Amino acid sequence: MDLDLSSDSADLTASLVDVESVSGNEADLAAAIERALRPHRVIVAGHIDTVPIAGNLPSRRENGLLYGCGSCDMKSGVAVALRLAARLTQPRPDVTYVFYDCEEVEAERNGLLRVSRNRPDLLHGDFAVLMEPTGALIEGGCQGTMRAEVTTRGKRAHSARSWMGSNAIHTAGGILDVLRSYQPREPEVDGLVYHEGLNAVGISGGVAGNVIPDECTVTVNYRFAPDRSEQEAAAHVREVFAGYEVEITDSAPGARPGLDHPAAAPLLAAVAGAPRAKFGWTDVARFALLGMPALNYGPGDPMLAHSPDEHVPVEQIAECEATMEAWLTG
């Protein structure tokens, strides 16, 4: 039984009476009292780093839009969280605000990962919200991300006598053919549809302008739905590139939506519009590993993240602040 401490004293007395607690048998009632008095704790988090600048600083405003590197991903969400932290002196739940570094680079540098390893007690809570750009909609879970290096090898030779060697860069065309023909999955996970992707994000090779190269490496990024583990994702990448040398260089797991968790219900009720899947990777995955449900919610269109034209509607920043304030004040 859960005790309703907002009920009048007579009703509360009746609830206490209804939980049998003869001497030596008080465990159930003690547990109910502990649950009722334990403060509900939520985490509101956001990363403060951005991708490299693309001629989009300083910020500018135009026609109700705020332009600039990080305006969408995710300094507008950070601004909302900072405003809440400064203004809400008596929120309904206990709130922990987390602002961290290095989310946009390799997983081992992630600030939230460091905190989760070194001081997990600071992140303990019942529910978390990542203020990632979602267009002011709830985006559930996130896809995992994995980088791999797929390498071809050949034989060096003088380019004037190329037939004496084997050109590894030419052989890498087979890797690109695999990527061009790849059909990504679109699985439904807990009611939300995710869209996977496998793409080349870099290529390197070559020795000198007169040498046939003996090595070429294509770096690929696999975005995988949260119904696959990191191990399953790695196995899939190796299967796709069977016959090639594959090295997994970086990986972070996805997170299932968690929309059915009771702790998510109040925020789901406060946000207009149907929830959708988060295609990008976010730190909801970190909270999932800690056993805590988490959702993405914040201003800005995620499709604009990392683009030179990155921007956020000013009114959407205010909308998200108002929604979060209504949720946190109950």
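Do we have VAL189 as within 29 Å of the chain's Cα centre (by Cα), over 30 Å from LEU295 (Cα atoms), open to solvent by less than 40 Å² (accessible area, probe 1.4 Å) and in contact (Cβ under 8 Å) with a residue 60 or more places away in the chain here? When the stated conditions are applied, VAL189 does not pass them. In the set VAL237, VAL207, VAL246, VAL218, only one residue is farther than 20 Å from GLU106 by Cα and either open to solvent by 30 Å² or more (accessible area, probe 1.4 Å) or of a type in the set (A, V, I, L, M) (or both); that residue is VAL207. Out of all the residues in segment 166-176, which are farther than 27 Å from GLU196 by Cβ and part of a loop (DSSP other than H, G, I, E, B)? Across segment 166-176, the qualifying residue is only ASN167. Listed by position, the helices (runs of 4 or more DSSP H) inside segment 215-330 whose residues that are over 20 Å from THR145 (Cα atoms) and touching a residue at least 60 places away in the same chain (Cβ under 8 Å) number at least 2 are 265-270, 314-329. Can you find a residue that is open to solvent by less than 30 Å² (accessible area, probe 1.4 Å) and under 15 Å from the mean Cα position of the chain (by Cα) anywhere in segment 309-328? There is no residue in segment 309-328 that is open to solvent by less than 30 Å² (accessible area, probe 1.4 Å) and under 15 Å from the mean Cα position of the chain (by Cα).
Just so you know, in segment 135-173 the residues that are free of Cβ contacts under 8 Å to residues at least 40 places away in the same chain and of a type outside the set (A, V, I, L, M, F, W, C) include one that is nearest to THR249 (Cα to Cα), and it is GLY173. Within segment 57-87, if we keep just the residues that are open to solvent by less than 20 Å² (accessible area, probe 1.4 Å) and either touching a Ser or Thr at 6+ places or on another chain (Cβ under 8 Å) or of a type in the set (Ser, Thr, Tyr) (or both), the residue that is farthest from GLU315 (Cα to Cα) turns out to be CYS69.
Based on what the data block shows, is SER23 open to solvent by less than 70 Å² (accessible area, probe 1.4 Å), modelled with pLDDT under 90 and assigned to a loop (DSSP other than H, G, I, E, B)?
Criteria not met by SER23.
Taken as a whole, segment 74-85 holds no residue that is in contact (Cβ under 8 Å) with a residue 40 or more places away in the chain and not in a helix (DSSP H, G or I). Residue count for segment 128-165 satisfying the condition of being closer than 16 Å to GLY205 by Cα, in a strand (DSSP E or B) and open to solvent by 10 Å² or more (accessible area, probe 1.4 Å): 6.
The values are calculated or read from the model by the stated rules, or taken from the named source; none is laboratory data. Predicted, not measured: the structure shown is a model, and the values here were computed from it. Cβ: placed from backbone, ideal geometry, glycine included. Neighbour counts: every protein chain shown. Surface accessibility is based on the protein's heavy atoms, side chains included, excluding ligands, DNA and RNA. Shrake-Rupley method; radii C 1.70, N 1.55, O 1.52, S 1.80 Å.
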